[in-house]
Amino acid sequence: MKIVLKGLRVYEEMSEETNAFSADLWIEGKKVAKAKNDGRGGMTG
């Protein structure tokens, strides 16, 4: 199974407790989700 993150953007200026970022999650060549974290703690959504 091939799992890839595309379009990863890290927002260092927004990071407080965790790394702020956004990215697209692709599995077997199909976009299945958008992962993001606002950098204030908590889990990635």
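Computed from the coordinates by the stated procedures, all read-outs in this text should not be read as laboratory data. Bear in mind that the values here come from a model prediction, so they are computed numbers and not experimental data. Counting neighbours? That spans all protein chains shown, and the Cβs are built from the backbone with ideal geometry, glycine included.
The figures follow:
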item: Dmax and Rg, reported as Rg then Dmax, of the chain (C-alpha, Å); result: 11.5, 34
item: Summed side-chain charge close to GLY45 - residues other than GLY45 whose Cβ falls under 13 Å, Lys, Arg +1, Asp, Glu -1; result: +2
item: In the chain, trypsin sites (Lys or Arg not before Pro) in a DSSP loop with at most 11 other beta-carbon atoms within 10 Å; result: LYS2, ARG40
item: Debye, to nearest 20: dipole size of the chain, +1 on Lys, Arg Cβ, -1 on Asp, Glu Cβ; result: 380 debye
item: Set of aspartates and glutamates with alpha-carbon distance to LYS34 below 17 Å, sequence-local pairs under 8 removed; result: ASP24
item: Proxy reagent accessibility, fewest Cβ within 10 Å first, across ASP24, ASP38; result: ASP24, ASP38
